[in-house]
Amino acid sequence: MNRNAFLPGVTGIALLLLVAVPVSFVILQAVFPHLDTGAYSAPFSAFTRIFAEPQLRELFSTTIKVGLGVALCSGLIGIPLGALRGLFALPGAALWDVLFLVPFLLPPYIAALSWMLALQTNGYVQQLVPWLRLNDFLFSIPGMVVVMTLNVFPVVYFAVSRSMAASGSRLADVARIHGAGPWRAFSRVTLPMALPAMASSLLLAFTLSIEEYGVPGALGSRSGVMLLTTGIEARLADWPIDLPGAAVLSLMLVAIALCAYSVQRAVVAGKNVESMTGKPADITQKRLKGWAIPVLALFTLVTVIAVALPILSTLATAFSGTLSGGLSLSNLTLRHFGALFAAHGDAISALSTSLSLALGTALIAGATGFLASWLVVVRKIRGSALIDGLSLLPAALPGIVVGVGLILAWNRSFWPVTPYNTWAILLLAYCCLLLPYPVRYVSAVLKQIGGNLDAAARVHGATAAQTLRLILLPLVFPSLLASMMMVFAVASRELVTSLLLSPAGVQTVSVYVWRQFEQGSVGDGMAMASVAVLLSLTLMLAAVRLQRKPLA
């Protein structure tokens, strides 16, 4: 009995430390506005004050519009590309996967600044194409949605591609043998198999967009567009600091995310499809034949817009002596890169710290997400709804609020040991924020596998650990690895909690870049961002080569 309870117990403790503790203190702060002083007076008074503010309705409606817009646009881009990647033998498939990871390597605020430098009046695009004026579009709600979508759509792409690759096209071929046409076989067989992954990834795209601060902070400040996240940041940055107000707005984000989660559950209810064998079908990708050139053209177009343009804008700034000098050979310089390694080792230290934290986050979040998904989808233990809900909550919480929750939770005298004011607090923050990635990806695959293999293993005397390690892990490993790569990419550039929680002497890449921007050294910041992206890409390429079963 104790042995059977070990893995659920470990998972429960991990979710308690990573999610429940900081979220609980955010809730307590919202309910008891004087919690930071140790008083529990005037409960719920912060709710009354915030709900009476006239700008709340606009913050709420704009956040919903942006979230729905990003989810829709991410689906329009990610679902077709993911289906083509998963069902067909796409030339250079592994290369496209790596290229579509690049948006995750660029911090959102860096991506927003890159698009500003490229599309604003007299920006890089207008210098090259004088008649093309996109300044007004960029600094608007549609422009914000487009910029966010170009950062978020890989979530949908990887989920759909891995799901369709796992289910394969063999069942659709059987349907065609029995008289179904290609579109009927796709809509009745292939698409239902991928529906859980599609719904989960669209939900994740929605929650990622409503909790994002970097893009709204960069573009919204010039367009007057305010979201709940920027409203929260203003309450924490402007004096007097309004912790209760920020906590109340954060709970509104949680409510929006839970409503989206309920809709997603309703959409896929009764529509989960399992393969008859209890495991995904063999991957039998078809040849594109005459469609190869149009499909490659489509992938190239998306890559140019989502990857090449912001990267080129970043590099152009990193190699430019001054922004006013524009795109000219006389303005080229390497001094920004030279400054990275002349700042008393700060740049190298920041790189190593970020990469170490990102690796630790990927391992911890991946293991916790795998176990949580197994308990919810396969074992269906008592309290599985609570486990599933806890895994979703971090996606709805802005990083700055998670940071505040961790400070409120761990900066207490009654803890015998605390991670506060150490690098471990950053690791807790990253794991909390990024846990939804492996949970959603692995859950989608486990729903296809079903519970037959787990039940058969138990009948034949296998322990839970043996079943996980020898049967389920090999089957879900491609999706798990893809999610861990995304966790690594996002953790290596996380900004808000890094700024809030970094102890003295600990500096990450994002903190280094942010400080360069504050000092007006945009070129130095872009140089650091370029080096970090290149290094992260190199490490992930090495990981793909070292794994026994490549993603392609």
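The values are calculated or read from the model by the stated rules, or taken from the named source; none is laboratory data. A quick note: this is a predicted structure, and the numbers were derived from the prediction, not measured. Positions of Cβ are backbone-derived with ideal geometry, glycine not excepted, and every protein chain shown enters the neighbour counts.
Among residues of the stretch 227-241 being at pLDDT below 85 and in a loop (DSSP other than H, G, I, E, B), the one that is surrounded by the most Cβ atoms within 10 Å (Cβ to Cβ) is I241.
Within the stretch 308-340, being surrounded by fewer than 18 Cβ atoms within 10 Å (Cβ to Cβ), farther than 30 Å from V506 by Cβ and not small (G, A, S) holds for L312, T322, L323, L327, L329, N331, L332, T333. Counting only helices (runs of 4 or more DSSP H) that sit completely within the stretch 456-545, those holding 2 or more residues that are at negative phi and modelled with pLDDT of 80 or more correspond to 473-491, 496-501, 509-518.
Only residues that are within 14 Å of F139 (Cβ to Cβ) and either basic (K, R) or under 19 Å from the mean Cα position of the chain (by Cα) (or both) were counted in the stretch 219-229, giving 1. Applying the criterion of at least 2 residues that are under 15 Å from S530 (Cβ atoms) and touching a residue at least 12 places away in the same chain (Cβ under 8 Å) to the helices (runs of 4 or more DSSP H) found wholly in the stretch 284-353 leaves 309-318, 335-340.
Yes or no, residue by residue, for (1) touching a helix residue (DSSP H, G or I) at 6+ places or on another chain (Cβ under 6 Å); (2) closer than 17 Å to T497 by Cβ; (3) free of Cβ contacts under 8 Å to residues at least 24 places away in the same chain:
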position	(1), (2), (3)
W374	no, no, no
G405	yes, yes, no
L408	yes, yes, no
R412	no, no, yes
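Any residue that is surrounded by fewer than 17 Cβ atoms within 10 Å (Cβ to Cβ), not in a loop (DSSP other than H, G, I, E, B) and not aliphatic (A, V, I, L, M) - is there at least one of those in the stretch 413-421? Within the stretch 413-421, not a single residue is surrounded by fewer than 17 Cβ atoms within 10 Å (Cβ to Cβ), not in a loop (DSSP other than H, G, I, E, B) and not aliphatic (A, V, I, L, M). Looking only at residues of the stretch 15-42 that are in a loop (DSSP other than H, G, I, E, B) and over 14 Å from L251 (Cβ atoms), we find that the one that is nearest to the chain's Cα centre (by Cα) is H34. Looking at the stretch 188-226, which of the residues that are outside any helix (DSSP H, G or I) and closer than 22 Å to L106 by Cα is modelled with the highest pLDDT? Among them, the one singled out is E212.
Do the conditions hold for R440, that is, is it in a helix (DSSP H, G or I), among the charged types (D, E, K, R) and within 30 Å of the chain's Cα centre (by Cα)? Yes: the conditions hold for R440. Beta carbons closer than 8 Å, at least 6 apart along the sequence or on distinct chains, pair a first residue in the stretch 30-42 that is at positive phi with a second that is surrounded by 12 or more Cβ atoms within 10 Å (Cβ to Cβ) and part of a loop (DSSP other than H, G, I, E, B) for A42/F32; A42/P33; A42/H34. Annotation note: of S443, S354, the sole residue that is crowded, with 22+ Cβ neighbours inside 10 Å, over 28 Å from R265 (Cα atoms) and among the small types (G, A, S) is S354. With A343, A266, A281 as the choices, which residue is out of contact with any Cys (no Cβ under 8 Å at 6 or more places or on another chain) and either at pLDDT 80 or above or under 30 Å from G505 (Cα atoms) (or both)? Checking each option against the conditions leaves just A343.
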